Structures are given as structure tokens and as C-alpha cells.
Amino acid sequence: MFARTERLLLRPGWIEDASEVHTGMDDEAIAKNLARVPWPYGMDDARAFLSLPRDAAEPSFLISLRTGGAPRVIGGVGISELDGDLNLGYWIARPYWGLGFATEAAGAVLRIARAMALPPLVASHMVDNPASGRVLRKIGFRPTGRIVKRFSLARGEEVAMVEYAESDEDVCIQDNRCAFAAQDGTDPRRAIRLMAA
């Protein structure tokens, strides 16, 4: 699956992208704000990330800046299962912070989730990373009021995280998914997995 925004191309990651992923992620300020990323982050970590199997119902993309030449990988964004929920996550390489790319890419993935009729998404950020919370609020997530502890591989310890969620009401208004689910009682994720198989 691919997606284009005004400035970005969202596309699957391939093993050939390992060098660009490594360059972007080889920054402690990024790794420490992602629960599943080790620090230090090496080329083998980038290759392992790009080799992970992907579920069609959990889209994952590299974020490329569309340029006059070859697009440059500037981050990643995707949906993954976390504690039984679908979790939105993203990262942006440091040279591209503060330019609205996380908001643009995460908003595009949120629209993809709605088009796929996925259940409402959740997200979280570490309490010492409020910039991520601003991104989530800009694309329509709301704080749940809960602070949870999750293990951070890069930090080597449990870290307090602020939880966010999409409102069921907003999702129903956007795509009528709630009416569909109520009528036949099926899990939209299962239907999507069957269509993708």
C-alpha cells in the first residue's frame, strides 16, 4: 500500500532502505521516545525492522520526502497491535523535526485506517515527549486521562506514557463503521484480513 500527501510519499519499507532507516534512527533522542527500538541502533536493527512480517490490516510505512530527485526517507509511521488495541506510532528523523511532517503522515494513516474500517486507534507518548502529544491532538486524538507504564527498550526501564484514543463517536461520524459493526456483529479487522488473504 502507498499513500501520497502534499509533501510526502508513504510506502512500504524494503531491505534496501536499511541504510536510510539506520541514518534516521541512529539518534538517541529518537530511540528513547519509542518503546520497541533499541539503543544504540545499528544496521542490523534496521535490517531486522525492515524484515518483520507485516499484517495487511496493520499498515506500516516509511515516510519519504517528495523531492525533485529520489525521495528521501525521513521517518516511519504505522499501525500495530499493542495490548489488544490498534496503536498508531511514528518517528521523524531529527533534521525534519518541527516541520509538520509527523502530523501530515500520521493524519494520512488515520485516514487510511478509516477507509479500511479499522476499529478506533489508540496512541501514547512518553511523558517527557510532549511534542508527540501535540501531533496526536492535531489529528483528532484525545487524552484518555490515563498514564500507563511501558517498557522502553532504548531506556532499559519502564517509562510513564500518556494514553490517547480516537473517539468512537468521531469514527462513527466519519465512516459509518459503527452501524456496519452493529448490524452484523463482525470484527472489521477480521473482514479486512480475509479480503487481503
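The values are calculated or read from the model by the stated rules, or taken from the named source; none is laboratory data. The model shown is predicted, which means the values in this text are computed figures rather than measured ones. We work out accessible area using only protein heavy atoms, side chains counted, and drop any ligands, DNA or RNA first. Shrake-Rupley method; radii C 1.70, N 1.55, O 1.52, S 1.80 Å.
Using a ≥ b ≥ c from the Cα gyration tensor of segment 10-167 (square roots of the eigenvalues), is it rounded, prolate or oblate, where a/c under 1.5 gives rounded and otherwise the larger of a/b and b/c decides, a/b for prolate? Judged from the Cα gyration tensor, segment 10-167 comes out rounded (a/c under 1.5). Per residue, the solvent-accessible area of segment 1-96 (1.4 Å probe, heavy atoms of protein chains only, all protein chains present) comes to 50 Å². Ligands, DNA and RNA left out, the accessible area of segment 22-75 computed with a 1.4 Å probe is 54% carbon and sulfur. Relative to its Kirkwood radius, the Cα radius of gyration of segment 33-124 gives an Rg/Rh of 0.96.
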